[in-house]
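Undergrad: Mind having a look at this structure? Questions to follow.
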Amino acid sequence: MKSLRILIIIMSAFFMSGCISESMVKDALEKNPDIIFNVIKKNPAKFVDTANQAYEQYQAEKRKEMEEGEGKQREEEFKNPKKPKIAEGRAAVGSASAQVTIIEYSDFECPYCQQGYMNMKQVMEMYGPKVRFIFKHLPLEGHPHAMPAAKYFEAVALQSAEKAYKFHDYVFENQRDLKKGASFLDSAAKKIGADMARLKNDLAGDAVMKNITEDMEEAKSFGFRGTPGYLINGVSLPGAYPPPAFKKIIDRHLGVK
């Protein structure tokens, strides 16, 4: 039990308080390597329970720190909102006269973006014409089907914003089929009524890739590295947050108390 108490003290200090350095923990364990092995052998259940509790507390404290940091950043952004580029004619849902514009930087293959799609549907239903939504692209390297899907979306958007967002919805609702590649994307485009001959021609054009490249650069300039990431009238919300998180920011923009 003495070994267990020593290890608990070391783990608690390292994971929770941050009062000792990693090198100090390393030195202590190097001098007493049997601590870990003896504890695991003699007290496996207690060791696992204690380690889990310590890690959960560490995670909770890190989440609190992150939320506090995001809160401070958000206050700054309400004062000085980020200014994304919205090109004339960029495909959107809702009117340009809407009081609030939400821009999403997304990846068609990302499971969190699929959750974000469902969350955004609820947000749009809640606010109706008060909110405009614009889908932008941040296809990640680990998702090989995200870039092709982004290209199809932009190619369809050259024909019709309405059809582009029908394509967007269909892909997220059938995300598991993205692994089928071009055959799935062609099928999705046909289902929403795209002109396939024009789409194939536009896929090879400069306009499609220009939008995607600019979106990726813009997302990174705003500090988005993962997906999804949102700007709500220039106030950032990184991650697949549930509708109440959007509501809090939107209501503030609308002056709702």
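Every number in this text was worked out from the coordinates using simple rules, so none of it is lab data. For clarity, every value in this text was computed on a predicted model and none was experimentally measured. Reconstructed Cβ throughout: ideal geometry from the backbone, glycine too, with neighbour counts over all protein chains shown.
Undergrad: For segment 162-244, what's the relative contact order in percent, using C-alpha pairs closer than 8 Å and at least 6 residues apart? Mind dumping the intermediate values first?
TA: Working: 36 pairs, mean separation 12.7, N = 83.
Answer for segment 162-244 is 15 percent.
Undergrad: A further question follows. What distance in nm separates the two pseudo spin-label positions at residue 86 and residue 72, each 7 Å out from Cα along the beta-carbon direction?
TA: Here the modelled spin labels are 3.1 nm apart.
Undergrad: Right, something else. Given labels modelled 7 Å from the Cα in the Cβ direction, how far is it in nm from residue 38 to residue 251?
TA: Each label point lies 7 Å from its Cα, and together they span 5.7 nm.
Undergrad: Then there's this: Charges on Cβ only, +1 for Lys and Arg, -1 for Asp and Glu, centred on the Cα centroid of segment 100-254; of 228, 101, 124, which one is farthest towards the dipole's positive end?
TA: Ranked along the dipole, the leading option is 124.
Undergrad: OK, next. I'm checking a number: the convex hull volume of the Cα atoms of segment 100-254, normalised per residue, in Å³. What is it?
TA: Looking at segment 100-254, the number lands at 100 Å³ per residue.
Undergrad: Between residue 183 and residue 169, what is the label-to-label distance in nm when each label sits 7 Å out along the Cα-to-Cβ direction?
TA: Those two pseudo-labels are separated by 2.7 nm.
Undergrad: Which of the peptides 152-158, 142-148 is most tightly packed, and how do the rest follow, judged by the mean count of other Cβ atoms within 10 Å per residue?
TA: Working: 152-158: 25.3, 142-148: 17.0.
Going by the mean number of other Cβ atoms within 10 Å, highest first, we get 152-158, 142-148.
Undergrad: Per-residue counts of other Cβ atoms within 10 Å, averaged by peptide: what ranking do you get for 247-255, 173-181, 106-114, highest first?
TA: Working: 247-255: 15.9, 173-181: 14.1, 106-114: 22.2.
Going by the mean number of other Cβ atoms within 10 Å, highest first, we get 106-114, 247-255, 173-181.
Undergrad: May I ask for the net charge around residue 126, where only other residues with Cβ less than 13 Å from the Cβ of residue 126 are counted and Lys, Arg are +1 while Asp, Glu are -1? Spell out each step's value before the answer.
TA: On the way: positive: 121, 130, 247, 248; negative: 125, 251.
That sum, taken over residues with Cβ under 13 Å, equals +2.
Undergrad: Turning to a different aspect of this structure: How much net charge surrounds residue 106 when only the other residues with a Cβ under 11 Å from the Cβ of residue 106 are counted, with Lys and Arg +1 and Asp and Glu -1?
TA: Details: positive: 136; negative: 104, 107, 109, 215.
Local charge sum for residue 106: -3.
Undergrad: Amide H to amide H under 5 Å from residue 132: which residues, 5+ apart in sequence or cross-chain, H placed 1.01 Å off N in plane?
TA: It is 100, 101, 102, by chain and number.
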